[in-house]
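Enquirer: Before we start, here is the structure in question, set down as structure tokens.
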Amino acid sequence: MSYGTSRPHCDRTVAWGLLRAHYDAQGRAFDLRDEFRIDAKRFESFSLQAPHVFADMSKNLVDNHVRSLMMELARECGFEHHRAAMFAGEPVNNTEQRAVKHWLLRAPRGSSGDADLAEVHATLDAMLAYAQRVRADSKITDVVNIGIGGSDLGPQMAVIALAQFAVPGKRFHFVSNVDGHELDAVLRQVKPESTLFLIASKTFTTIETMTNARSARAWFESQGGQDIARHFAALTTNVAAAGEFGIATTFGFWDWVGGRYSMWSAIGLPIAIAIGADNFRAMLGGAHEMDRHFATAPLFENLPARLGLLDVWYRNFHGFTSRSIAPYHSALRRLPAYLQQLEMESNGKQVDAQGRALSVGTSPVLWGEPGTNGQHAYFQMLHQGTDVVPVEFIAVRDAAHSLEGHHEQLLANALAQAQALMQGKPDAGGHKNFPGNRPSTFFVLDRLDPASFGALVAMYEHRVFTSGSIWGINSFDQWGVELGKVLAKDIAPRLASGDTQGLDASTAGLLAKLRG
Ligand SMILES: O=P(O)(O)OC[C@H]1O[C@](O)(CO)[C@@H](O)[C@@H]1O
């Protein structure tokens with residue numbers, strides 16, 4: 001099957017028409033509180049247990065009929081064939097003619113007939129052996145990861161999320177922005193003889209990363225640093241460019257790993273240095289369990305698929321344009337930022353995989369902060385604002401600390417917020433009225449460890465695949481980031497010269513203002 005040409009636009013399917021009719025007749029007036037009143041088993045029937053992740057989906061604006069029709073929609077859209085094509089290594093990233101095989105990075109040795117698996121494991125072994133050496137090297141006290149987008153967000157999120165498993169005596173820094181304030185602040189804290197710089201870039205051409213890498217190398221040399229081979233390593237598919245840059249220690253990966261799907265590859269080296277080889281393998285193991293679940297579980301029990309379908313229901317029928325991520329665990333504080341790239345760069349598209357205009361909305365805006373902080377900032381809008389925003393709670397049953405009372409309060413707040421959003425509270429006075437009937441999904445992990453964390457992230461990857469598949473888009477390219485890059489190249493020399501010829505009046509005026 002060739003993907004794209006044979007996939008119908010989702011809004012031209014029979015199921016879509018039935019969903020539209022159902023939404024118009026009943027969906028608009030759907031009230032969660034009534035559903036819980038009439039169905040004592042709603043929690044059980046709308047909850048799912050996937051590997052390491054439990055999801056209560058019962059507080060969503062979905063009834064049995066919608067759930068069935070959404071699965072019918074998936075079938076009509078060829079979702080199951082599309083999923084099989086990804087796992088078969090077909091070039092589902094059709095605009096770049098690339099396979100999409102981040103799942104292979106998590107596959108145990110010998111578990112797949114894919115020809116690349118042996119090389120995946122050879123690279124993984126080499127990278128983990130290197131990570132172990134760095135961990136054992138007490139002279140290296142600081143690891144500075146220089147990378148942006150997928151070469152920053154995943155590793156940074158993981159190092160923070162799994163900090164309780166981290167090797168003592170080493171600090172991890174992440175420099176992504178071309179804004180020199182960021183690198184400068186890190187360089188003020190480190191010494192050349194005790195620092196390892198990891199230059200992380202799939203392409204090894206990204207302007208921000210190359211600028212930071214050059215400045216880091218210049219600083220290293222100017223501070224009397226010796227032995228680039230010991231203090232710099234490259235993580236890239238472009239091994240030749242890393243060599244030209246002067247880096248001898250390189251860990252490679254493959255063009256079938258998308259940047260935002262790359263924390264499982266050599267891009268994960270800072271994670272491996274932080275948590276060690278066994279924990280890194282456990283993280284891959286958890287993700288692999290989620291891969292198998294996504295690849296094989298029937299749609300009804302398939303958590304990533306059900307979540308992706310829910311996203312389509314909310315975006316295209318309810319018209320919700322955003323989703324708020326509320327991790328009730330401070331170690332997951334970078335999860336919202338990571339998910340912004342994962343979902344918005346993957347599914348922020350206006351054409352289908354063949355380049356034809358879509359007539360339905362695609363990626364929602366994702367945003368959020370850890371609870372309970374968000375409660376004292378923007379939850380006001382979630383409870384009483386004019387727009388409905390589905391909220392996603394992520395709670396962890398077991399705390400990794402023994403401070404009395406904290407974890408109970410944290411979990412109580414997560415439960416209370418989900419309850420308040422749904423129940424609401426009528427008040428005649430207006431200001432104190434909570435409308436309620438506001439949807440949320442509640443995830444529970446037993447504990448936050450490498451395996452559960454790996455499973456959680458893989459769940460999100462496959463959820464994004466699912467909604468992208470229904471919309472018929474290519475979730476694995478990102479042409480939308482190109483135009484700004486090209487224009488920045490034109491503008492950079494103008495900042496020095498002051499030349500505003502050919503610029504629109506606003507850009508010209510701002511350029512003059514910034515030149516001072
Ligand atoms: O790893 P690289 O090649 O430096 O790219 C960094 C990021 O830039 C992007 O290409 C977007 O500009 C992302 O997709 C990617 O994660």
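Enquirer: Please verify whether the stretch 276-283 includes one or more residues that are modelled with pLDDT of 95 or more, touching a Lys or Arg at 6+ places or on another chain (Cβ under 8 Å) and more than 16 Å from the ligand (Cβ to nearest atom).
Expert: Within the stretch 276-283 (the criterion being modelled with pLDDT of 95 or more, touching a Lys or Arg at 6+ places or on another chain (Cβ under 8 Å) and more than 16 Å from the ligand (Cβ to nearest atom)), the answer is yes, since at least one residue qualifies.
Enquirer: Test Ala305 against the criterion of being closer than 22 Å to Ala216 by Cβ and of a type in the set (A, V, I, L, M), and give yes or no.
Expert: No: the conditions fail for Ala305.
Enquirer: Report yes if some residue within the stretch 248-268 is part of a helix (DSSP H, G or I), under 19 Å from Ser475 (Cβ atoms), in contact (Cβ under 8 Å) with a residue 12 or more places away in the chain and away from the ligand (no atom under 16 Å from the Cβ); otherwise report no.
Expert: Checking the stretch 248-268: not a single residue is part of a helix (DSSP H, G or I), under 19 Å from Ser475 (Cβ atoms), in contact (Cβ under 8 Å) with a residue 12 or more places away in the chain and away from the ligand (no atom under 16 Å from the Cβ).
Enquirer: Still on this model: List every residue pair whose Cβ atoms lie under 8 Å apart, where the two residues are 6 or more positions apart in sequence or sit on different chains, the first residue falls within the stretch 117-137 and is among the hydrophobic types (A, V, I, L, M, F, W, C), and the second residue, located anywhere, is assigned to a loop (DSSP other than H, G, I, E, B).
Expert: Close Cβ pairs (under 8 Å, with a partner that is assigned to a loop (DSSP other than H, G, I, E, B)) amount to Leu117/Ala107; Leu117/Arg109; Leu117/Gly110; Leu117/Ser111; Val120/Ala107; Val134/Ile140.
Residues checked against (1) polar (S, T, N, Q); (2) under 27 Å from Arg315 (Cβ atoms); (3) within 33 Å of the chain's Cα centre (by Cα):
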| residue | (1), (2), (3) |
| --- | --- |
| Asn433 | yes, no, no |
| Val457 | no, yes, yes |
| His462 | no, yes, yes |
| Gln478 | yes, yes, yes |
| Ala492 | no, no, yes |
| Ala496 | no, no, no |
| Gln501 | yes, no, no |
| Ala505 | no, no, no |
| Ala512 | no, no, no |
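Enquirer: Here is a follow-up. In the stretch 106-122, what count of residues is obtained for those that are part of a helix (DSSP H, G or I) and surrounded by fewer than 18 Cβ atoms within 10 Å (Cβ to Cβ)?
Expert: Count: 4.
Enquirer: Only one of Leu18, Leu32 is surrounded by 14 or more Cβ atoms within 10 Å (Cβ to Cβ), under 24 Å from Ala357 (Cα atoms) and more than 26 Å from the chain's Cα centre (by Cα). Can you tell me which?
Expert: Leu18
Enquirer: Can you confirm whether Ala29 is of a type in the set (Gly, Ala, Ser) and modelled with pLDDT under 95?
Expert: The answer is yes for Ala29.
Enquirer: Same structure again: Just one of the numbered conditions (1) in a loop (DSSP other than H, G, I, E, B); (2) touching a Leu at 6+ places or on another chain (Cβ under 7 Å); (3) within 20 Å of Val351 (Cα to Cα) is not true of Asn60; which one?
Expert: (3)
Enquirer: On to the next question. Within the stretch 498-505, identify whether any single residue is more than 16 Å from the ligand (Cβ to nearest atom), of a type in the set (Ser, Thr, Tyr) and free of Cβ contacts under 8 Å to residues at least 24 places away in the same chain, and answer yes or no.
Expert: Among the residues of the stretch 498-505, at least one is more than 16 Å from the ligand (Cβ to nearest atom), of a type in the set (Ser, Thr, Tyr) and free of Cβ contacts under 8 Å to residues at least 24 places away in the same chain, which makes the answer yes.
Enquirer: Which residues, taken from the stretch 320-336, are surrounded by 18 or more Cβ atoms within 10 Å (Cβ to Cβ) and either away from the ligand (no atom under 16 Å from the Cβ) or assigned to a helix (DSSP H, G or I) (or both)?
Expert: Phe320, Arg323, Ser324, Ile325, Ala326, Pro327, Tyr328, His329, Ala331, Leu332, Leu335, Pro336, listed by residue number.
Enquirer: Also: Show the residue pairs that are 6+ apart or on different chains and have beta-carbon atoms under 7 Å apart, the first residue being within the stretch 65-78 and without any contact (Cβ under 8 Å) to a residue 60 or more places away in the chain, the second being part of a helix (DSSP H, G or I) and surrounded by fewer than 22 Cβ atoms within 10 Å (Cβ to Cβ).
Expert: Once the first residue is without any contact (Cβ under 8 Å) to a residue 60 or more places away in the chain and sits in the stretch 65-78, its partners that are part of a helix (DSSP H, G or I) and surrounded by fewer than 22 Cβ atoms within 10 Å (Cβ to Cβ) give His65/His22; Leu69/Ala15; Leu69/Leu18; Leu69/His22; Glu72/Ala15.
Enquirer: Of everything in the stretch 186-226, what is in a loop (DSSP other than H, G, I, E, B) and away from the ligand (no atom under 16 Å from the Cβ)? Give them in sequence order.
Expert: Arg188, Gln189, Val190, Lys191, Gln223, Gly224, Gly225, Gln226
Enquirer: Would you please name the residue that is nearest to Thr362 (Cα to Cα), looking only at residues in the stretch 11-40 that are hydrophobic (A, V, I, L, M, F, W, C) and part of a loop (DSSP other than H, G, I, E, B)?
Expert: Looking at residues that are hydrophobic (A, V, I, L, M, F, W, C) and part of a loop (DSSP other than H, G, I, E, B), I get Phe30.
Enquirer: Give the residues of the stretch 145-164 that are more than 16 Å from the ligand (Cβ to nearest atom) and either out of contact with any strand residue (DSSP E or B) (no Cβ under 7 Å at 6 or more places or on another chain) or assigned to a strand (DSSP E or B) (or both), sorted by residue number.
Expert: Those that are more than 16 Å from the ligand (Cβ to nearest atom) and either out of contact with any strand residue (DSSP E or B) (no Cβ under 7 Å at 6 or more places or on another chain) or assigned to a strand (DSSP E or B) (or both): Ile160, Ala161, Leu162, Ala163, Gln164.
Enquirer: Pairs please, first residue from the stretch 217-238 and closer than 12 Å to Ile199 by Cα and in contact (Cβ under 8 Å) with a residue 60 or more places away in the chain, second anywhere and away from the ligand (no atom under 16 Å from the Cβ) and not in a loop (DSSP other than H, G, I, E, B), Cβ atoms under 6 Å, 6+ apart in sequence or on different chains.
Expert: So the pair list comes out as Ala233/Thr249.
Enquirer: Okay, next question. Looking at Leu456, Leu510, Leu514, Leu495 in this structure, which one is modelled with pLDDT of 95 or more, in a helix (DSSP H, G or I) and exposed (fewer than 11 other Cβ atoms within 10 Å of the Cβ)?
Expert: Checking each option against the conditions leaves just Leu514.
Enquirer: Starting from the stretch 374-403, take each residue that is part of a strand (DSSP E or B) and list its partners that are of a type in the set (Asp, Glu) and surrounded by 15 or more Cβ atoms within 10 Å (Cβ to Cβ), counting only C-beta distances under 9 angstrom and pairs at least six apart or across chains.
Expert: Final answer for the pair search is Phe393/Asp56.
Enquirer: Moving to a separate point now. Looking at the stretch 5-14, is at least one residue touching a Leu at 6+ places or on another chain (Cβ under 9 Å), surrounded by 17 or more Cβ atoms within 10 Å (Cβ to Cβ), at pLDDT 95 or above and hydroxyl-bearing (Ser, Thr, Tyr)?
Expert: Within the stretch 5-14, one or more residues are touching a Leu at 6+ places or on another chain (Cβ under 9 Å), surrounded by 17 or more Cβ atoms within 10 Å (Cβ to Cβ), at pLDDT 95 or above and hydroxyl-bearing (Ser, Thr, Tyr).
The values are calculated or read from the model by the stated rules, or taken from the named source; none is laboratory data. Since the structure is predicted, the reported quantities are computational estimates derived from the model, not experimental observations. Cβ atoms come from the backbone with ideal geometry, glycine included; neighbour counts cover every protein chain shown.
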